[in-house]
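**Q** Structure in structure tokens, see below.
The values are calculated or read from the model by the stated rules, or taken from the named source; none is laboratory data. Given the structure is predicted, the values throughout are model-derived calculations rather than measurements. Using ideal geometry, Cβ is built from the backbone for each residue, glycine included, and neighbour counts are taken over all protein chains shown.
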Amino acid sequence: MDKSAYGEAARCLAELGHPNRLQAFRLLIQAGEKGLPVGEIQRRLAIPKSTLAHHLAQLVATGLVTQTREGRVQRCRVEPQRARALLRFLVADCCDGLPGIAELEEVPG
């Protein structure tokens, strides 16, 4: 894996390392292709509009999230190719390609 892939993955993971951004990203993944309006994300996270705008801008900058305007509504969606690339990087490179890692079964201990 080349150095740029490590840099991109590190950047995405660093941005997802903030609790509000991680929560927003999870909400958007759960919303699927239709995404969510910014107002709905704000309502669910119960954070100020300006704070959410900052966090969404960080996610957009990584390419993990896209925003589109639909009339007066700003809608956010996960960028599926970028999200899959990050997951592939983690499983293939960081986890040594272990196919069962995605199932996350508990190990007795």
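**Q** Go through A61, A31, A24, A46 for me and flag whichever is of a type outside the set (S, T, Y), farther than 26 Å from A9 by Cβ and at pLDDT 95 or above. Can you show your working first?
**A** Working: A61 fails: farther than 26 Å from A9 by Cβ; A31 fails: farther than 26 Å from A9 by Cβ; A24 fails: farther than 26 Å from A9 by Cβ.
The match here is A46.
**Q** Scan the stretch 17-29 and report the pairs whose first residue is within 12 Å of L52 (Cα to Cα) and of a type in the set (K, R) and whose second residue is modelled with pLDDT of 95 or more and assigned to a helix (DSSP H, G or I), with Cβ atoms within less than 8 Å and a gap of 6+ or a chain change.
**A** Correct list of pairs: R21/E15; R21/H55; R21/Q58; R21/L59.
**Q** Do we have E70 as of a type in the set (D, E) and within 15 Å of the chain's Cα centre (by Cα) here? Explain how you work it out, then say what you get.
**A** Details: of a type in the set (D, E): yes; within 15 Å of the chain's Cα centre (by Cα): no.
For E70, the condition - of a type in the set (D, E) and within 15 Å of the chain's Cα centre (by Cα) - is not met.
**Q** Also, quick follow-up: Among (1) surrounded by 11 or more Cβ atoms within 10 Å (Cβ to Cβ); (2) outside any helix (DSSP H, G or I), where does L22 come up short?
**A** Checking L22 against (1) surrounded by 11 or more Cβ atoms within 10 Å (Cβ to Cβ); (2) outside any helix (DSSP H, G or I), the one that fails is (2).
**Q** Kindly indicate whether any position in the stretch 42-50 is in contact (Cβ under 8 Å) with a residue 24 or more places away in the chain and either among the charged types (D, E, K, R) or loosely packed, with under 15 Cβ neighbours inside 10 Å (or both). It would help to see each step written out before you state the result.
**A** To start, the set of residues in the stretch 42-50 that are in contact (Cβ under 8 Å) with a residue 24 or more places away in the chain comprises 45, 47.
Those left that are additionally either among the charged types (D, E, K, R) or loosely packed, with under 15 Cβ neighbours inside 10 Å (or both): none.
Checking the stretch 42-50: not a single residue is in contact (Cβ under 8 Å) with a residue 24 or more places away in the chain and either among the charged types (D, E, K, R) or loosely packed, with under 15 Cβ neighbours inside 10 Å (or both).
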